[in-house]
Amino acid sequence: MRAWVATEEEAAILQAAYGCEAFSLWDPEANIGYTFNIDAMRQHAERGGEGTQRAQVPITPALISHILTASSASWSHAADLPFEVLRRPALVIQHEDETAVVVDGNHRVLRWYGHGVRWAPAFILVPQAWRRFVLPVPQEYTKAQAGY
């Protein structure tokens, strides 16, 4: 799976079109992708909405490697995050097979790891919860944004 994090210009376009922060994810094996409404997903999780769980997730070298190779997250951007952003838990979606993907917080995870943190605060959303936050963008758009 590859993730795409919007550039500032793309984020502004998505914000104008959908009124939210967005994140795209593409699964080449399943040939399907998702673009998420991160703002609504975060609000749902923070309210303790159905299908969400607050947890500590391990920050492993494998996770860091995945973030750096499968997303546009970078150490330099992570280093510039303000404190108020670092205080927010990551958003993680869990698939039916129990694999999980960070959909909001990749830069925070890099920053935490760089400071020796090995457990990340996160909201985990199960499929019936996260699916309601998929935006109606064309699959071709999501696939292109994720670099396929």
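The values are calculated or read from the model by the stated rules, or taken from the named source; none is laboratory data. Quick caveat: nothing in here was measured; it's all calculated off a predicted structure. Cβ sites come from the backbone with ideal geometry, for glycine too, and all protein chains shown count toward neighbours.
One table, with the values for the structure above:
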read-out: Helices (runs of 4 or more DSSP H) wholly inside segment 20-85 that include at least 2 residues being buried (at least 17 other Cβ atoms within 10 Å of the Cβ), modelled with pLDDT of 90 or more and in contact with a helix residue (DSSP H, G or I) (Cβ under 9 Å, 6 or more places away or on another chain); value: 38-46, 61-70
read-out: Search result, residues across segment 87-104 that are within 14 Å of I59 (Cβ to Cβ) and at pLDDT 95 or above; value: P89, A90, V92
read-out: Yes/no for V137 being touching a strand residue (DSSP E or B) at 6+ places or on another chain (Cβ under 7 Å), modelled with pLDDT under 95 and more than 20 Å from Q53 (Cα to Cα); value: yes
read-out: Qualifying position, being small (G, A, S) and in contact with an Asp or Glu (Cβ under 9 Å, 6 or more places away or on another chain), among A90, A73, A78; value: A90
read-out: Any hit, segment 108-124, residues being assigned to a helix (DSSP H, G or I), under 23 Å from H77 (Cβ atoms), within 11 Å of the chain's Cα centre (by Cα) and not β-branched (V, I, T); value: yes
read-out: Which listed residue is in contact with a Phe, Trp or Tyr (Cβ under 7 Å, 6 or more places away or on another chain) and in contact (Cβ under 8 Å) with a residue 40 or more places away in the chain, from V134, V126, V117, V101; value: V134
read-out: Identity of the residue in segment 86-98, part of a loop (DSSP other than H, G, I, E, B), more than 24 Å from E29 (Cα to Cα) and touching a residue at least 24 places away in the same chain (Cβ under 8 Å), that ends up farthest from the chain's Cα centre (by Cα); value: R88
read-out: Checklist (1) surrounded by 14 or more Cβ atoms within 10 Å (Cβ to Cβ); (2) at positive phi applied to G116, failing item; value: (1)
